[in-house]
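J.: First the structure, then my questions, so here it is.
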Amino acid sequence: MRHKVVRARAPLRLGFGGGGTDVSPYCDDFGGVILNATISKFAHVTIEHRGDGKASFHSADLGEDWEGPAESCLPMDGKAVLLKGVYNRMVRDFNGGRPLSIKVTSYADAPAGSGLGTSSSVVVALTEAFRFWLGAPLGMYELAHLAYEIERNDLALAGGRQDQYAAAFGGINFMEFGAKDHVIINPLRVPQDIVQELESGLVTYFTGASRESANIIDEQSQRMRDNHTVSLDALHSMKRAAYSMKESLLRGDIAGLARTLGESWHEKKKTAASIANPEIDRVYDLALAAGAIGGKVSGAGGGGFMMFLIDPPRREDLMRELRKQGGLASTCIICPHGSSAWRVK
């Protein structure tokens with residue numbers, strides 16, 4: 001036995017530009033691009049040695065538990081699915097099919113369905129923890145791709161491609177996605193003073209209404225397969241906007257980035273009917289009236305976290321108005337690091 005306790009974590013992310021262009025079939029046919037940044041909220045995982053012939057899984061924030069015999073392939077019975085899915089793949093690929101008698105615990109700093117890529121960050125943190133536990137030879141690209149395969153193929157959970165790569169790499173990235181799982185991650189060397197200016201004007205607002213992103217993504221994908229012209233044109237526009245936002249960020253033009261962010265949000269709403277709702281539109285309009293330059297719903301849409309950019313001296317005024325709506329308004333810090341794991345004992 002090499003370890004008794006191993007921990008891992010992976011950051012959550014905010015998507016600024018191009019969200020949805022990383023989803024098939026759009027990225028396969030046209031190529032998708034994403035501008036995102038990881039933040040100082042994390043998915044956390046602990047693996048503990050048991051050695052009694054049993055395996056147990058505890059998803060602390062979801063209140064899901066499973067315990068049973070440690071086998072090479074555990075039953076996917078609807079409890080702690082993400083945890084068991086990663087266990088099954090890692091045992092198969094990196095432990096010769098030999099079962100592990102362990103206890104696995106996971107939790108995240110934001111709820112599932114919040115629009116911050118929480119579920120994918122949990123999968124990346126789990127994969128990172130097992131990588132460390134088993135000594136698996138995985139670099140960042142391999143780790144992210146494996147997490148993507150587990151989530152999208154093994155577990156058949158609908159979604160895009162950006163979340164796993166954001167959680168694995170960390171920082172501010174411009175991502176390119178093409179056919180046949182071709183991925184290029186371009187870490188942006190944004191000067192620290194520009195990062196600080198971005199953080200100073202950034203506000204997140206949790207609506208308190210988590211949503212099932214898979215339904216929205218399924219609708220968007222179906223529209224693409226049906227050659228829905230309005231949705232396709234909107235995705236083309238969002239792709240162009242991602243390039244524009246990258247250039248604005250690297251130049252330190254945060255106001256320009258914010259304006260394009262808002263314009264891109266209006267385009268995103270055209271890609272699926274369930275992305276926005278009257279409450280989201282009401283809060284968005286209120287934020288603009290309070291001085292926000294631009295904003296959007298993070299992730300697939302439908303609820304969860306909204307994000308806004310504002311001139312920093314007006315940030316507290318915006319947060320005060322948002323808090324009156326009953327949700328959680330907060331500041332946000334960019335996390336420059338991706339997933340990591342360490343031995344406790």
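The values are calculated or read from the model by the stated rules, or taken from the named source; none is laboratory data. None of the values given here were measured: they were computed from a predicted structure. Cβ atoms come from the backbone with ideal geometry, glycine included; neighbour counts cover every protein chain shown. Quick note on the areas: whole protein, heavy atoms, side chains included, nothing else; ligands and nucleic acids left out. Shrake-Rupley method; radii C 1.70, N 1.55, O 1.52, S 1.80 Å.
J.: For the chain, set up a GNM with springs between Cα atoms under 10 Å and report which of 106, 237, 114 has the largest fluctuation.
T.: Of the options given, 237 has the highest mean-square fluctuation.
J.: Rounded to the nearest percent, how much of the accessible area of segment 273-330 (1.4 Å probe, protein heavy atoms only) is carbon and sulfur?
T.: 53 percent
J.: Roughly to the nearest percent, how much of the accessible area of segment 33-74 is carbon and sulfur, given a 1.4 Å probe?
T.: C and S fraction of accessible area: 45 percent.
J.: Given all pairs of different Cα atoms, what value in angstroms does the Kirkwood hydrodynamic radius of the chain take?
T.: 20.4 Å
J.: Solvent-accessible area per residue for the chain at a 1.4 Å probe radius, Å²?
T.: Dividing the accessible area of the chain by its residue count gives 40 Å².
J.: Still on this structure, I have one more. Name the lysines eligible as straight-distance cross-link partners of residue 103: C-alpha to C-alpha under 16 Å, and not fewer than 8 places from it in the same chain.
T.: Residue 103 reaches 4, 54, 79, 84, 345.
J.: Give the lysines whose C-alpha is closer than 25 Å to that of residue 324, dropping any in the same chain fewer than 8 places away, or say none.
T.: Residue 324 reaches 41, 296.
J.: In debye, nearest 20: dipole of the chain around its Cα centre with unit charges on the Cβ of K, R (+) and D, E (-)?
T.: Once rounded to the nearest 20, the dipole reads 760 debye.
J.: Taking the Cα centre of segment 140-184 as the origin and placing charges on Cβ (Lys, Arg +1; Asp, Glu -1), which of 177, 158, 144 is farthest toward the positive end of the dipole?
T.: Positive-end residue among those listed: 177.
J.: 222 nm [θ] for the chain, helices only, -39500 (n - 2.57) per DSSP H run of 4+, per residue, to 500?
T.: Result for the chain: -12000 deg cm²/dmol, rounded to the nearest 500.
J.: Compare the Cα positions of 31, 105, 277 along the charge dipole of the chain (+1 at Cβ of Lys, Arg; -1 at Cβ of Asp, Glu; about the Cα centre) and return the one farthest towards the positive end.
T.: So the residue furthest toward the plus end is 105.
J.: Pick out, from 249, 135, 63, the residue whose Cα sits farthest towards the positive end of the charge dipole of the chain, with +1 on the Cβ of Lys and Arg and -1 on the Cβ of Asp and Glu.
T.: It is 135, whose Cα lies furthest towards the positive end.
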